[in-house]
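Reviewing the structure listed below.
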Amino acid sequence: MPEDATAIDYVMEKASGPHFSGLRLDGILSSPSPSSSPAAASIVAADPNAPKQPFVIGVSGGTASGKTTVCDMIIQQLHDHRVVLVNQDSFYRGLTPEESERVHEYNFDHPDAFDTEQLLDCVQKLKNGQSVQVPIYDFKIHRRSSDSFRQVNASDVIILEGILVFHDQRVRNLMNIKIFVDTDADVRLARRIRRDTVERGRDINSVLEMYAKFVKPAFDDFIHPSKKYADVIIPRGGDNHVAIDLIVQHIRTKLGQHDLCKIYPNVYVIQSTFQIRGMHTLIRDREISKHDFVFYSDRLIRLVVEHGLGHLPFTEKQVVTPTASVYTGVDFCKKLCGVSIVRSGESMENALRACCKGIKIGKILIHRDGDNGKQLIYEKLPTDISERHVLLLDPVLATGNSANQAIELLIQKGVPEAHIIFLNLISAPEGIHCVSKRFPSLKIVTSEIDVALNDEFRVIPGLGEFGDRYFGTDD
């Protein structure tokens, strides 16, 4: 890797190894089943006991180079609860009484100053989905706190920061991306003096003495050589907002990308936020009132509809603003209609009408006829539907069988497969496999992909019979 590499395409290339599921916190999908039948689809179920694999980002650089600032800026911009920070400084070995008496002769920048084995154990446990207790190191007395720890919970993204996190190959091997913060030596020295005198209670003479005796030689011998392992180099540290923005965007992509999105490029999961996960928590709660279930379902449906509309074609359009200026924007797709799969799909019609004034909406009813497995299909669709882009509405994608029949009917009516966007609140992996393999040009937009179907072909963890809960016909 060349030392001046900072391009995001190199980040993408280096990050193309093992990834994590951005939305699912409790399972990893197995290989897709070759069959789209419900019985065979159950084979696709994820192993709920399999640990998720977080995305580990290593951040290294010289002392006071701005590593912590870069990490804090990344976390603040993400504003996401699935990112945790682990500092190598927490794993300093405590000094013995003899070493404490000669602290000015102790090299805190040498690899031996850190308990690398404990650091490895900590990161490995986090990667396995376990919570850990990170030590708290007191830099004034050079010892760990004996009665307090920092609790770090398992997360989807782990940022591991420290001057020597690239030194040990075993630690490097745990990382998906390695970032080196490269800052001028004079700037680092000035920051070190300010930090150690103000925050760590040291006098300036001892800081300068330790810098000349230990810090600079350690940088030359251990830290700077590890720069060659970096995938991304950030000059100027926290002042380099362009590089940080690129990294933040890359992490956002990884957070929002489910494993199935890598298999099927036509599957889109809306970006998860505290609000979205909070609303999912509410509508999945069996104790929620009908009023609240409808309210929060409507909010989530609106977000899915808005996201789906973003996949429609557009044309450039210029308008004159009230300031007599010309604004170049885009014009919406005019030939559009919605089609709801009765009856649950009708719950999504209000959100579509709110977003698209006067939109035509058709209906498709798929009804099981007796016990022979056959289904009767009734439809009422716009006469010119073959000329329109179609937003197909159904809040839950389970086995995919009903969806496939509805899509097949639309295609028979002359709608091109690529003109259909299937919108739903939650999807089972089996349903996504079933629909995407049969209709690879169709787009699926969902707010969350669940773990699997159970033996009764119900989505797990799911949210129950959506139509009954929404329309108040459940028991």
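The values are calculated or read from the model by the stated rules, or taken from the named source; none is laboratory data. Because the structure is a prediction, the values reported are computed rather than measured. Reconstructed Cβ throughout: ideal geometry from the backbone, glycine too, with neighbour counts over all protein chains shown.
Among the residues of the stretch 434-446, at least one is out of contact with any Phe, Trp or Tyr (no Cβ under 7 Å at 6 or more places or on another chain), in contact (Cβ under 8 Å) with a residue 60 or more places away in the chain and within 25 Å of residue 299 (Cα to Cα). The single condition among (1) crowded, with 20+ Cβ neighbours inside 10 Å; (2) over 19 Å from residue 340 (Cβ atoms); (3) touching an Asp or Glu at 6+ places or on another chain (Cβ under 7 Å) that residue 462 does not meet is (1). In the stretch 243-268, how many are in contact with a Ser or Thr (Cβ under 7 Å, 6 or more places away or on another chain), more than 28 Å from residue 70 (Cβ to Cβ) and not in a helix (DSSP H, G or I)? Final tally of qualifying residues: 3.
Across the stretch 316-355, which residue is surrounded by the fewest Cβ atoms within 10 Å (Cβ to Cβ) among those that are of a type in the set (S, T, N, Q) and within 31 Å of the chain's Cα centre (by Cα)? It would help to see each step written out before you state the result.
Looking only at the stretch 316-355, we keep the residues that are of a type in the set (S, T, N, Q), and these are 318, 321, 323, 325, 328, 340, 344, 347, 350.
Still in the running and within 31 Å of the chain's Cα centre (by Cα): 340, 344, 347, 350.
Working: 340: 24, 344: 22, 347: 22, 350: 13.
Selected residue: 350.
Sort out which residues of the stretch 163-202 are among the polar types (S, T, N, Q) and without any contact (Cβ under 8 Å) to a residue 12 or more places away in the chain, and write them in order of number. Talk me through it step by step, then tell me what you get.
Filtering the stretch 163-202 for residues among the polar types (S, T, N, Q) gives 169, 173, 176, 183, 197.
Answer for the stretch 163-202, where residues must be among the polar types (S, T, N, Q) and without any contact (Cβ under 8 Å) to a residue 12 or more places away in the chain: 169, 173, 197.
When residue 284 is tested against (1) more than 25 Å from residue 59 (Cα to Cα); (2) exposed (fewer than 15 other Cβ atoms within 10 Å of the Cβ); (3) among the basic types (Lys, Arg), only condition (2) is not met. Checking 190, 218 one by one, the residue that is closer than 29 Å to residue 141 by Cα, assigned by TED's automatic domain parsing to the domain that holds residue 58, of a type in the set (A, V, I, L, M) and crowded, with 21+ Cβ neighbours inside 10 Å is 218 and no other. When 277, 252, 284 are screened for being more than 20 Å from the chain's Cα centre (by Cα) and not acidic (Asp, Glu), only 284 passes. In the stretch 144-156, the residues that are buried (at least 17 other Cβ atoms within 10 Å of the Cβ) form Cβ pairs under 9 Å with partners that are polar (S, T, N, Q) and in a strand (DSSP E or B), at six or more places apart or across chains, as follows: 152/133.
Listed by position, the helices (runs of 4 or more DSSP H) enclosed by the stretch 379-475 that each have at least 1 residues that are closer than 27 Å to residue 314 by Cα, out of contact with any helix residue (DSSP H, G or I) (no Cβ under 7 Å at 6 or more places or on another chain) and of a type in the set (Gly, Ala, Ser) are 401-412, 429-438. Taking the listed residues 127, 140, the one that is under 30 Å from residue 209 (Cβ atoms) and either basic (Lys, Arg) or outside the structural domain of residue 70 (by TED's automatic domain parsing) (or both) is 140, with no other qualifying. Look at the stretch 80-104: where a residue is in the same structural domain as residue 208 (by TED's automatic domain parsing) and a partner is modelled with pLDDT under 85 and among the basic types (Lys, Arg), sitting 6+ places away or on another chain with Cβ atoms under 7 Å, you get 94/143; 94/144; 95/143. Examine the stretch 203-214 for a residue that is surrounded by 15 or more Cβ atoms within 10 Å (Cβ to Cβ), in contact (Cβ under 8 Å) with a residue 60 or more places away in the chain and farther than 27 Å from residue 126 by Cβ, and state whether such a residue exists. Yes - at least one qualifying residue is present in the stretch 203-214. Does residue 295 satisfy the condition of being closer than 27 Å to residue 349 by Cα and free of Cβ contacts under 8 Å to residues at least 60 places away in the same chain? For residue 295, the condition - closer than 27 Å to residue 349 by Cα and free of Cβ contacts under 8 Å to residues at least 60 places away in the same chain - is met. I'm checking my understanding of the structure. Among residues of the stretch 278-313 that are out of contact with any Gly (no Cβ under 9 Å at 6 or more places or on another chain) and not in a helix (DSSP H, G or I), which one is nearest to residue 460 (Cα to Cα)? Out of the qualifying residues, it is 285.
Select, from 90, 100, 65, the only residue that is assigned to a loop (DSSP other than H, G, I, E, B) and either in contact with a His (Cβ under 7 Å, 6 or more places away or on another chain) or surrounded by 15 or more Cβ atoms within 10 Å (Cβ to Cβ) (or both). Please lay out each step first, then the result.
On the way: 90 fails: assigned to a loop (DSSP other than H, G, I, E, B); 100 fails: assigned to a loop (DSSP other than H, G, I, E, B).
Checking each option against the conditions leaves just 65.
Reported count of residues in the stretch 130-148, each being farther than 11 Å from residue 91 by Cα and modelled with pLDDT of 85 or more, is 4.
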